[in-house]
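Novice: Before we start, here is the structure in question, set down as structure tokens.
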Amino acid sequence: MDKKDQLAELISNAETSFYNGQLQEAFSLSLSAIKLDENCADAYQYAANVCMSLSRYEDAIEYYQKVQIYIMLITQIEMNL
């Protein structure tokens, strides 16, 4: 399995875990995805969502800020194409 497939599987499993209320598992999978690709906005999004659900608001803000940064970068890249 290549990196792209591993990342997709981690994100899919994080999403499933999150929606099944398995927050610690979702967070762990999100961190694994971030470790695999530190530019993966989806991984930061799930990590932030878990932190919000666990009332870890400061951590959630940090993860949401990273999502915002990556979205801004992607938007700039697309505008320059």
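Novice: Taking Ala60, is it assigned to a helix (DSSP H, G or I) and either within 23 Å of Lys3 (Cβ to Cβ) or in contact with a Pro (Cβ under 8 Å, 6 or more places away or on another chain) (or both)?
Specialist: Spelling it out, it is not the case that Ala60 is assigned to a helix (DSSP H, G or I) and either within 23 Å of Lys3 (Cβ to Cβ) or in contact with a Pro (Cβ under 8 Å, 6 or more places away or on another chain) (or both).
Novice: Here's something else I'd like to know. Could you look through the stretch 42-73, keep only residues that are in contact (Cβ under 8 Å) with a residue 24 or more places away in the chain, among the aliphatic types (A, V, I, L, M) and surrounded by fewer than 16 Cβ atoms within 10 Å (Cβ to Cβ), and pick out the one that is nearest to Thr16 (Cα to Cα)?
Specialist: Only one residue tops the list, namely Leu54.
Novice: If a residue must be farther than 21 Å from Leu73 by Cα and loosely packed, with under 15 Cβ neighbours inside 10 Å, how many such residues does the stretch 9-41 contain?
Specialist: 7
Novice: Another one. Given the criterion at negative phi and either in a helix (DSSP H, G or I) or modelled with pLDDT of 95 or more (or both), identify the matching residue among Asn39, Asn49. Reasoning before the result, please.
Specialist: Details: Asn39 fails: either in a helix (DSSP H, G or I) or modelled with pLDDT of 95 or more (or both).
Answer to the check: Asn49.
The values are calculated or read from the model by the stated rules, or taken from the named source; none is laboratory data. For clarity, every value in this text was computed on a predicted model and none was experimentally measured. Virtual Cβ from ideal backbone geometry, glycine too; neighbours counted across all protein chains shown.
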